[in-house]
Amino acid sequence: MVTKTLTYENGKILEWKWASDHKLIPSPFFTSTFFVDGILIDAGPPAGVNDFKKFIRSLLKDTRIKLCAITHTHEDHCGGAFMLKQEFNIPIYAPKGAIGPLKEDYTYPQYRQITWGEKRRSVQAQELPETITSISETYQFEVFPMPGHASEQIALIEKGQEWVFAADAIQPKYKMLFGASSDIQEDMAIIYSSIKKLYKYTSNMEDLKIFLSGPGVYEGREFIKQKLEEIEDLHKKVHQFYNEESNRYDDEEKILRKVLKRLFKRETAVGRLTDGDLSIMNLIRSLLEWPLNNS
Ligand SMILES: [Zn+2]
């Protein structure tokens, strides 16, 4: 495995990152846990539990941990939650829609087991309140729903500091989407609407910092604006290409393949390895289901 600990904002924020070193994964694919003044945001993947335990022990040498807030139920964000509760008696909080699923052990396809570990173990979580106060009461985090990547996905926003912990609610680049036969069904129209809501909500924050799981920090609202423009552009192109190819061909699958070819040349290796669960084709289908006059 590969672990990294990074600090931001003069050490006020810690990021603990974990990635598998499995030989089938060409470059480390990280997930992140953040720690701010007694608040843990997310709990790492199942395969990272032992490394995460070491990180928690090192934290507990000079600080206390008030609670862990889970942003959504994907295994790379809540895999260590049972351990936090069992070993350290740390209360686990999660969005309302996550409480039921978190109560059950959970398995998922092999490509995700290779990336994150065999299965996610059950944990009893409490519902996140509207705001969370940090241990020294220095920070107040607002719980901000951002569905789309997962229906229960939330971000945590510290207005005074202008920090947004968005986990997977925003991707640094929109190329592939979960869908097909996966239990993760991402929806571009909903993702776009969540990002737009965040853009409006942060309108007076000039020094905004957006913390994403894996790629880390992005500075300024401009980043959010760029993501909105990127999605709008993809949305327009996919509909335009689809209409043009529909005039040439009748076969729906052929039309979609032509759209994909014009948009990104070819399906990704990940798209093939995951049997289409995480693929460009899902992105195209999701953009097509979203009517064009609606963005
Ligand atoms: Zn996720």
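Remarks
- Gaussian network model of the chain, springs between alpha carbon atoms under 10 Å - residue of Thr73, Thr31, Thr133 with greatest fluctuation: Thr133
- Percent RCO, i.e. relative contact order, over region 217-295, from Cα pairs under 8 Å lying at least 6 residues apart: 30
- Of Lys200, Lys175, Lys258, the residue with the greatest mean-square motion in the GNM of the chain, using alpha carbon springs below 10 Å, is Lys200.
- Rounded to the nearest 10 square angstrom, Trp116 shows an accessible area of 10 square angstrom against a 1.4 Å probe.
- Trypsin sites (Lys or Arg not before Pro) restricted to DSSP loop in region 18-111 with at most 13 other C-beta within 10 Å: Lys23, Lys61, Arg64, Lys103
- Computed from phi, the 3J(HN,Hα) profile of region 193-199 under the Karplus parametrisation 6.51, -1.76, 1.60 (θ = phi - 60°) reads 5, 5, 5, 5, 4, 5, 4 Hz, with x in place of Gly and Pro.
- Leu263 paired with Arg64, simple spin-label distance in nm, labels 7 Å along Cα-to-beta-carbon: 5.1
- Working from label points 7 Å from Cα in the Cα-to-Cβ sense, the Ser27 to Glu253 distance is 3.3 nm.
- Estimated from helices alone, the mean residue ellipticity of the chain at 222 nm is -11000 deg cm²/dmol (sum of -39500 (n - 2.57) over DSSP H runs with n ≥ 4, per residue).
- If you sort the three axes of the alpha carbon gyration tensor as a ≥ b ≥ c, you get a/c of 1.5 or more for region 237-295 and a/b no higher than b/c, which makes it oblate.
- For the Cα trace of region 2-230, dividing Rg by the Kirkwood Rh returns an Rg/Rh value of 0.93.
- Within region 2-230, DSSP assigns beta bridges of which about 75% are antiparallel (rounded to the nearest 5).
- Working note: Karplus 6.51/-1.76/1.60 with θ = phi - 60° gives region 245-255 the couplings 6, 5, 6, 9, 10, 9, 6, 4, 4, 5, 4 Hz, where Gly and Pro are set to x.
- Note on Lys54/Lys237: beta-carbon distance plugged into 1/(1 + (r/R0)^6) with R0 of 45 Å gives a FRET efficiency of 0.45.
- Taking each of Lys53/Lys119; Lys96/Lys175; Lys173/Lys265; Lys96/Lys196 in turn, the alpha-carbon distance tops 25 angstrom for Lys96/Lys175.
- If the segment from Glu127 to Glu229 were pulled out straight at 0.36 nm per residue, it would be longer than the present Cα-Cα gap by 33.3 nm.
- Residue among Gly97, Gly216, Gly148 with the largest mean-square fluctuation in a Gaussian network model of the chain, springs linking Cα atoms under 10 Å: Gly97
- Region 112-239: C-alpha gyration tensor shape, a/c 1.5 cut-off, then a/b vs b/c: oblate
- Within region 62-81: backbone nitrogen closer than 15 Å to the Asn89 label point (7 Å, Cα to C-beta): 64-67
- Sequence-distant residues sharing a close amide H with Ala167 (under 5 Å, placed H): Ser213
The values are calculated or read from the model by the stated rules, or taken from the named source; none is laboratory data. Keep in mind it's a predicted model, so treat the numbers as computed, not measured. Here the Cβ is made from the backbone with ideal geometry for all residues, glycine too, and neighbour counts use every protein chain on show. The area values use the complete protein model at the heavy-atom level, side chains included, leaving out ligands, DNA and RNA. Shrake-Rupley method; radii C 1.70, N 1.55, O 1.52, S 1.80 Å.
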